[in-house]
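Structure record follows, encoded as structure tokens.
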Amino acid sequence: MARFLILWRRNPVAPWPTDPAEYLRMQEKVWAGLDALTKAGLMKEFGYFADGRSGYSIGEGEITDAFRSLSAFLPFYESEVHEIISYEKGKEGIRDACELQKSMK
């Protein structure tokens, strides 16, 4: 199972409601979606950055899970997805690449 760091940012050109009551209704839907992702085990952590317009999420699953989940928040949020490689697997991959390069000389 893959882990992902997702950096999200509010899309400033999205059709955001200007009425506070409508905006709150929309935010309640967003929060319900985030709660559902957490309950399904796809989202392990979620947080806001101090600017109030961006933040991060840590997710688990297949890349298609991340794609499907993030698509639900378009066009209101843009995201950048980074698959996380553990320290041990990263160390192993770098070691294997160096060994391969040594054998090619």
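Numbers at a glance
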| item | result |
| --- | --- |
| Vicinal HN-Hα couplings computed from phi for region 89-96 (Karplus, 6.51 cos²θ - 1.76 cosθ + 1.60; Hz; Gly/Pro x) | 5, x, 4, 4, x, 5, 4, 4 |
| Extended-chain gain in nm, criterion 0.36 nm per residue less alpha-carbon gap, Glu22 and Glu99 | 21.8 nm |
| Region 2-103: relative contact order in percent, alpha carbon pairs under 8 Å with at least 6 residues between | 45 percent |
| Gain in span if fully extended, Leu34 to Phe49, counting 0.36 nm per residue against the direct Cα distance | 3.8 nm |
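We did not get these values from a lab; they are worked out from the coordinates using the rules stated. This one's a predicted model, so the numbers in the text were calculated from it and none came from an experiment.
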